[in-house]
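What follows is a set of notes on a single structure, which appears directly below.
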2 protein chains.
Amino acid sequence: MGSSERKIREREERERRIVVAARTIAERDGWPAVTIRRLADEIEYSQPVLYSHFGNRDEIVGAVALEGFGELATILRAAIRPSSTPKESVEGVATAYLDFAFARPAMYEAMFILPTGLRFARSDTPAPLRAGFGAMATVIAPFSQDVDTATETFWAALHGLAELERHGRIRPAFRSHRITLLMQMVSGQL
Amino acid sequence: MGSSERKIREREERERRIVVAARTIAERDGWPAVTIRRLADEIEYSQPVLYSHFGNRDEIVGAVALEGFGELATILRAAIRPSSTPKESVEGVATAYLDFAFARPAMYEAMFILPTGLRFARSDTPAPLRAGFGAMATVIAPFSQDVDTATETFWAALHGLAELERHGRIRPAFRSHRITLLMQMVSGQL
DNA sequence: TTGACAAACTAGCGATGCTAGAATATATTA
DNA sequence: TAATATATTCTAGCATCGCTAGTTTGTCAA
C-alpha cells in the first residue's frame, strides 16, 4: 500500500513549507514576526500541527539556521578560485562571508545569535555545520601550523566584523579597509 | 521649597533601583526573567511606574548596558600597565576584554546582543560608549597607521572570540592559543 | 458496518509588554 | 482653612505570545 508513502511525503512537504515560511517572514519582517500563529496561517493548518513537526519555536529557527549553514558553506567554497593565490583565497572567503552576513541578516541572526538548540562540536553535529568551517580552514591552512585554532581565530574576526557593523558599532564605509587589515594580519603571522 | 529637590532625588534613587534590580535578575536568572512585573515587584511599585522612567523594556536593558560600558572601559584602562611593553599592553587588554565577557555574560549580552536603543558613533553618543574604544585604541596605536580602523578590527576580533566561545562554537580550552595568535597578528602587521 | 487508530482542530492556560482611566496624594490658590 | 488644580500611583485589562489538554474528524482494518 503506497498511500503511507504518500503521507510521509506530504508530511515532509508540509515541514518544508513551515521552514520556508519562517525564513520568508524573518527576512521580510524580522524574527519577532515569526510567530506560531502566523506560521500556522501560512501553511493553512492549526497551531498544534507545528508541534508535531518541531518541539518548540526555537527548533524552527534552528531548521532555518541549518539551511543557512549549508548555503554559507557553498558560498565560501565557491569563493575559493583555483587560480587564486593563497592570500587572494583568504580575502575571497572573508569578503564572501561578510557579504553573506549583510545580504541575509535574518539568516545570519538565526545561525549565530538566536537560540536554536543546534549542537556544535559534537559527534552528532550535522555536516553543514562543519562544512563552513572546513572551507575557512582550507584557505587558512597555508598560513598556519595549528589550522584549527587559526581558523577559529579567523572565523571569530569575521563574525565580530559582521556583528559590530550590523549593530552600527563600527563604520560601514571602512569595511574594505578592515578586510585589508585582516588580510595583512593573516598573511603576515597567522 | 526644598521638597521638590527631595522628590527629584527620590525619583533618581527609584530609577537606580530599577536598573540595579534588572542587572541583578539578569545576572542570576538571565534576561528573559527580567520582566516588567518582576521589576515592579522588586522596587515595590506598580508596573506603570516603570514607564515613567523608561519608554519601554529595551531602554531598561540599555541603562544596564550603559553601566557595563563604563565598567568595561575602567577594566580595559586598568589593564594597561605603564611598565608593560606595547605588545604586553595589547595582550593585557585582550585578556581583560575576554575575562569581562565571560565573567559577566548577562552584562555582555545587554551591551552587544540585545536591543537597547543606544546610539553609537553619533554626536550624542554617551561618553562611556566611547571610553572602551579609546582604551583599545591606546594600545593599538603603536602598531598602526590608521588607528581607528585598526582598533575596529581588533575589537571585532575580540567580540567574535567572545561570542563564538560563549555559544560553544569554538573550543574553550584553546582560548589562550587564540589570544596568542591574535597577538602575533597585531604585533606583526597591524 | 463497526471499531481502532491517527490526524487535526477548538478552546484555553499562563505568561508577556504595555496602557487607559480611576483613585489617591500633593501642591496651589481663594 | 477650604476648595481647586495638578501630579502621582494604582487597578484593571487589552492584545499577543508559546504551548497544550481534550475533543472532533478522518482513515484504515476487521
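The values are calculated or read from the model by the stated rules, or taken from the named source; none is laboratory data. Computed from a prediction, not measured in an experiment: that's the story for all the values here. Counting neighbours? That spans all protein chains shown, and the Cβs are built from the backbone with ideal geometry, glycine included.
Couple of notes before you dig in:
- Counting the residues of the stretch B:156-168 that are surrounded by 24 or more Cβ atoms within 10 Å (Cβ to Cβ) and not aliphatic (A, V, I, L, M) gives 2.
- Test: residue in the stretch B:109-117 that is at negative phi and loosely packed, with under 15 Cβ neighbours inside 10 Å: yes
- Meets criteria (surrounded by fewer than 16 Cβ atoms within 10 Å (Cβ to Cβ), without any contact (Cβ under 8 Å) to a residue 12 or more places away in the chain and either more than 12 Å from DNA strand D (Cβ to nearest atom) or not in a loop (DSSP other than H, G, I, E, B) (or both)) for A:R38: no
- Selected residue (criterion: nearest to the other protein chains (Cβ to nearest Cβ)) from residues of the stretch A:146-190 that are of a type in the set (K, R) and not in a helix (DSSP H, G or I): A:R169
- Of all residues in the stretch B:19-35 being outside any loop (DSSP other than H, G, I, E, B) and among the hydrophobic types (A, V, I, L, M, F, W, C), the one that is surrounded by the fewest Cβ atoms within 10 Å (Cβ to Cβ): B:A33
- Qualifying residue in the stretch A:10-29 (condition: in the same structural domain as A:A94 (by TED's automatic domain parsing) and acidic (D, E)): no
- Given (1) at the interface with chain B (Cβ under 9 Å from one of its Cβ atoms); (2) crowded, with 16+ Cβ neighbours inside 10 Å; (3) more than 15 Å from B:E152 (Cβ to Cβ), number of the condition A:A131 does not satisfy: (1)
- Among the conditions (1) more than 13 Å from the chain's Cα centre (by Cα); (2) surrounded by 15 or more Cβ atoms within 10 Å (Cβ to Cβ); (3) more than 8 Å from chain A (Cβ to nearest Cβ), B:A101 misses just one, which is (1).
- Residue under evaluation B:S84, criteria (1) over 19 Å from B:E165 (Cβ atoms); (2) surrounded by 17 or more Cβ atoms within 10 Å (Cβ to Cβ), criterion not met: (2)
- From A:E27, A:E42, residue being under 20 Å from the mean Cα position of the chain (by Cα) and on the phi < 0 side of the Ramachandran plot: A:E27
Residue by residue, here is whether (1) touching a residue at least 40 places away in the same chain (Cβ under 8 Å); (2) closer than 23 Å to A:G132 by Cα holds:
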site: B:S144; (1), (2): yes, no
site: B:T151; (1), (2): no, no
site: B:H167; (1), (2): no, yes
site: B:R171; (1), (2): no, yes
site: B:F174; (1), (2): no, yes
site: B:I179; (1), (2): yes, yes
site: B:M183; (1), (2): yes, no
site: B:V186; (1), (2): yes, no
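Residue by residue, here is whether (1) over 22 Å from A:S187 (Cβ atoms); (2) within 16 Å of DNA strand C (Cβ to nearest atom); (3) within 14 Å of chain B (Cβ to nearest Cβ) holds:
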| position | (1), (2), (3) |
| --- | --- |
| A:D29 | yes, no, no |
| A:S52 | yes, yes, no |
| A:G55 | yes, yes, no |
| A:E59 | yes, no, no |
| A:A78 | no, no, no |
| A:K87 | no, no, yes |
| A:T125 | yes, no, yes |
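- Test: residue in the stretch B:61-70 that is modelled with pLDDT of 95 or more, within 14 Å of chain A (Cβ to nearest Cβ) and within 13 Å of DNA strand C (Cβ to nearest atom): yes
- Failed item in (1) under 23 Å from B:L114 (Cα atoms); (2) within 11 Å of DNA strand C (Cβ to nearest atom); (3) of a type in the set (S, T, Y), with B:S46 passing the rest: (1)
- Residue count for the stretch A:134-145, restricted to those that are assigned to a helix (DSSP H, G or I) and either within 21 Å of B:R175 (Cβ to Cβ) or within 7 Å of chain B (Cβ to nearest Cβ) (or both): 4
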